[in-house]
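Data first, discussion second: the structure below is written as structure tokens.
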Amino acid sequence: PIRLISGGRARTHRRIRRSIVAVQGRASMYPSSSILSRHRFSLENLHDPDPEVRYAEAKARFGKIQNRPEVIAALTDALATESSARVRVQLAMTLGSSRSEQAVAPLVGLLQSGDPDDRIRVLYGLKFTRQPAALTCILQALQDPDPAVRSAAVSRLGGWCITERHPVIEEAITALLETEPDEGVRCVARRALHRMQQPRAPEGTCPSDYL
């Protein structure tokens, strides 16, 4: 018992206990990690009442759905009805990771959303597809009325250039700098152009390393 421990040791003991409780409390804030560790694939999970289960299903399929049209269709349906912003982000990224032309159309459709946050999330997914049609949509997002969306578009375009230079992208961002009224967006654009002028990343680099 603590009462039998000398003053200094008792204080140390109490600090250790508080640290354990604090760590346990932080762990409880992120239940998805434990759910993901014991996750079992099932498309039905995409419509589970628990958003953590839906998130785990979407995350577990990231990068694993190439040439799986039935999975792409299920993710597309889930994305159209998902209420959790966090899950929508993961669904969009997972769809994009398929690098399939099938994934581009549903993501492009969501760019018409009235919610700027939704448009930003979709840009993540589009960038992962590496499809020419997706690149066109991201370039068009440079004209979005919301500066946060324009900034996200610039960042995604910068990530598109990790292994090779894209003159069209560099020209688009340079043109944006000439007319962009928001200093925050201009700052992101300048950084993106600077990175584009650096040595290319090796082939096979994971795009998520440059988000």
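Remarks
- Leading residue by the ranking (nearest to residue 107 (Cα to Cα)) among those in the range 135-152 that are open to solvent by less than 30 Å² (accessible area, probe 1.4 Å) and either small (Gly, Ala, Ser) or assigned to a loop (DSSP other than H, G, I, E, B) (or both): 141
- Among the residues of the range 73-93, those that are surrounded by 15 or more Cβ atoms within 10 Å (Cβ to Cβ), within 17 Å of the chain's Cα centre (by Cα) and assigned to a helix (DSSP H, G or I) comprise 75, 76, 78, 79, 86, 87, 88, 89, 90, 91, 92, 93.
- Summed over the range 43-72, the residues that are outside any helix (DSSP H, G or I), open to solvent by 40 Å² or more (accessible area, probe 1.4 Å) and at pLDDT 85 or above give a count of 4.
- The single condition from (1) under 23 Å from residue 70 (Cβ atoms); (2) crowded, with 17+ Cβ neighbours inside 10 Å; (3) at pLDDT 85 or above that residue 119 fails is (1).
The values are calculated or read from the model by the stated rules, or taken from the named source; none is laboratory data. Computed from a predicted structure; not experimentally measured. Positions of Cβ are generated from backbone atoms using ideal geometry, with glycine treated the same way; all protein chains shown enter the neighbour counts. Accessible surface areas use protein heavy atoms only, side chains included; no ligands, DNA or RNA. Shrake-Rupley method; radii C 1.70, N 1.55, O 1.52, S 1.80 Å.
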